[in-house]
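Q: Questions regarding the structure given below will be posed in turn.
The values are calculated or read from the model by the stated rules, or taken from the named source; none is laboratory data. Predicted, not measured: the structure shown is a model, and the values here were computed from it. Cβ: placed from backbone, ideal geometry, glycine included. Neighbour counts: every protein chain shown. Side chains included, ligands, DNA and RNA excluded: accessible areas come from the protein's heavy atoms. Shrake-Rupley method; radii C 1.70, N 1.55, O 1.52, S 1.80 Å.
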Amino acid sequence: LGAERRARLPPGEMGWPLVGGMWAFLRAFKSGKPDAFIASFVRRFGRTGVYRSFMFSSPTVLVTTAEGYKQVLMDDDAFVTGWPKATVALVGPRSFVAMPHDERRRIRKLTAAPINGFDALTGYLPFIDSTVTSSLRAWADHGGSVEFLTELRRMTFKIIVQIFLGGADQATTRALERSYTELNYGMRAMAINLPGFAYRGALRARRRLVAVLQDVLDERRAARAKGVSGGGVDMMDRLIEAQDERGRHLDDDEIIDVLVMYLNAGHESSGHITMWATVFLQENPDMFARAKAEQEAIMRSIPSSQQGLTLRDFRKMEYLSQVIDETLRLVNISFVSFRQATRDVFVNGYLIPKGWKVQLWYRSVHMDPHVYPDPTKFDPSRWEGHSPRAGTFL
């Protein structure tokens, strides 16, 4: 960098050769005290809001303030996605984690309606409703205790496979679940492709996962060529049909990588957030009673002619939404995101050199007492009538 640019870097340390700060990072998360990693920088270098380290095989600047998050996330000229090599290889080069900004915007636009559009959500909700109901009955009928997170992961995986692939048979579902579970172990591992390392096993799992999805995609395209319809419409069907203003469709690699990306994002977050929200409500009987009363009121308002829940009912769940937002804040499922500087840029007065990676540590603001009073307390009421300012809730 040269002496002049080096002098303008944020405080910090680059750690051991090759390994950098990864041992300290992994140790903090394995210990169950994830905030200890950033806390060590604050303790040694002060509250500068940005720190330098060597993470995931790259020189990296760690950003820990709302103003920094806002600058990095909104400046598409100075920052592009910069996910670790392992994540890019496992999710796929045609997914959002790797593609250029303009292409990512095109794919986002194409996939928004198939994934979150009114028609799509209306179609998904009955299956979600029935699957959750049947799962709860099965757990109640079990007669003993169940391993809650394991059961939630199975339930959410069943829902996601149905949303993605409609009537996938049991063999396909089991093959996807096995491959996905192994792939997920290597998602944030160091990219060491040697026997015994999580990344190597995850690469094998991705190849199996892609093969299963490609087989289903080939069957769909062949059936379409013959004019045969499968009956229902799932996310894969919608992605096959999606086209931009120029009439361009997604190719197979794009569809598969988008599905793998949403599989990872949807399954992990849904299972874990449901578990934690349940735990927090169990620990706070008054909040549980209020959440339950809201659901009972919604059930009473549903006409007898209606089968299951609708989006209209879902949007009445105001207190439950507050519970979920507070769970997301406190648990921080997406605790960090990754960018890369396209040119020399300054954040909080410190230099981020061109080509350096940037990590946004969301926990630092979510757990900041100046932003959220008494941040370790589970308090859904903090979201009543509250609109968080930019950069404070991610």
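Q: Yes or no: segment 186-197 includes at least one residue that is in a helix (DSSP H, G or I) and open to solvent by 20 Å² or more (accessible area, probe 1.4 Å).
A: No, segment 186-197 has no match at all.
Q: Being open to solvent by 20 Å² or more (accessible area, probe 1.4 Å), in contact with a Ser or Thr (Cβ under 8 Å, 6 or more places away or on another chain) and on the phi < 0 side of the Ramachandran plot narrows it down to one of Val210, Val216, so name that one.
A: Only one candidate passes the filter, namely Val216.
Q: Here's something else I'd like to know. Answer with yes or no whether Phe148 is on the phi < 0 side of the Ramachandran plot and of a type in the set (Phe, Trp, Tyr).
A: So Phe148 passes the test.
Matching residues to (1) surrounded by 18 or more Cβ atoms within 10 Å (Cβ to Cβ); (2) in contact with a Pro (Cβ under 8 Å, 6 or more places away or on another chain):
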site	(1), (2)
Leu239	yes, yes
Asp244	no, no
His249	no, no
Val258	yes, no
His272	no, no
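Q: Based on this model, can you work out whether Asp252 counts as touching a Leu at 6+ places or on another chain (Cβ under 8 Å) and within 20 Å of Val161 (Cα to Cα)?
A: yes
Q: Which one of these is open to solvent by less than 20 Å² (accessible area, probe 1.4 Å) and either closer than 30 Å to Ile159 by Cβ or of a type in the set (Gly, Ala, Ser) (or both): Ser53, Ser57?
A: Ser53
Q: Of the conditions (1) of a type outside the set (Val, Ile, Thr); (2) touching a Pro at 6+ places or on another chain (Cβ under 9 Å); (3) in a helix (DSSP H, G or I), Glu67 clears all except one; give me its number.
A: Among (1) of a type outside the set (Val, Ile, Thr); (2) touching a Pro at 6+ places or on another chain (Cβ under 9 Å); (3) in a helix (DSSP H, G or I), the lone unmet condition for Glu67 is (2).
Q: If you don't mind, there's one more thing I want to ask. If you check Val345, Val371, Val358, which single one turns out to be touching a helix residue (DSSP H, G or I) at 6+ places or on another chain (Cβ under 8 Å) and over 24 Å from Leu320 (Cα atoms)?
A: Selected residue: Val358, the only one of Val345, Val371, Val358 that is touching a helix residue (DSSP H, G or I) at 6+ places or on another chain (Cβ under 8 Å) and over 24 Å from Leu320 (Cα atoms).
Q: All but one of (1) among the hydrophobic types (A, V, I, L, M, F, W, C); (2) surrounded by fewer than 17 Cβ atoms within 10 Å (Cβ to Cβ); (3) more than 28 Å from Phe96 (Cβ to Cβ); (4) touching a residue at least 40 places away in the same chain (Cβ under 8 Å) hold for Ala293, so report the exception by its number.
A: For Ala293, the exception is condition (4).
Q: If you take just the helices (runs of 4 or more DSSP H) that sit entirely in segment 73-154, which of them hold at least 1 residues that are open to solvent by 50 Å² or more (accessible area, probe 1.4 Å) and closer than 21 Å to Ala341 by Cβ?
A: It comes to 85-91, 101-116.
Q: Looking only at residues that are assigned to a helix (DSSP H, G or I) and of a type in the set (Asp, Glu) in segment 219-237, which one is surrounded by the fewest Cβ atoms within 10 Å (Cβ to Cβ)?
A: Per the stated criteria, the residue is Glu219.
Q: Among the residues of segment 99-120, are any over 25 Å from Ile163 (Cβ atoms), basic (Lys, Arg) and in contact (Cβ under 8 Å) with a residue 12 or more places away in the chain?
A: No: segment 99-120 contains no residue that is over 25 Å from Ile163 (Cβ atoms), basic (Lys, Arg) and in contact (Cβ under 8 Å) with a residue 12 or more places away in the chain.
Q: Can you name every residue in segment 218-243 that is at pLDDT below 90 and farther than 20 Å from Tyr124 by Cα?
A: Glu219, Arg221, Ala222, Ala223, Arg224, Ala225, Lys226, Gly227, Val228, Gln243
Q: Now for a separate question. Out of all the residues in segment 160-175, which are without any contact (Cβ under 8 Å) to a residue 60 or more places away in the chain, hydrophobic (A, V, I, L, M, F, W, C) and part of a helix (DSSP H, G or I)?
A: If the condition is that a residue be without any contact (Cβ under 8 Å) to a residue 60 or more places away in the chain, hydrophobic (A, V, I, L, M, F, W, C) and part of a helix (DSSP H, G or I), then Val161, Ala171, Ala175 are the ones that fit.
Q: Please verify whether segment 8-18 includes one or more residues that are part of a helix (DSSP H, G or I), at pLDDT 85 or above, open to solvent by less than 50 Å² (accessible area, probe 1.4 Å) and farther than 30 Å from Phe164 by Cα.
A: Within segment 8-18, none of the residues are part of a helix (DSSP H, G or I), at pLDDT 85 or above, open to solvent by less than 50 Å² (accessible area, probe 1.4 Å) and farther than 30 Å from Phe164 by Cα.
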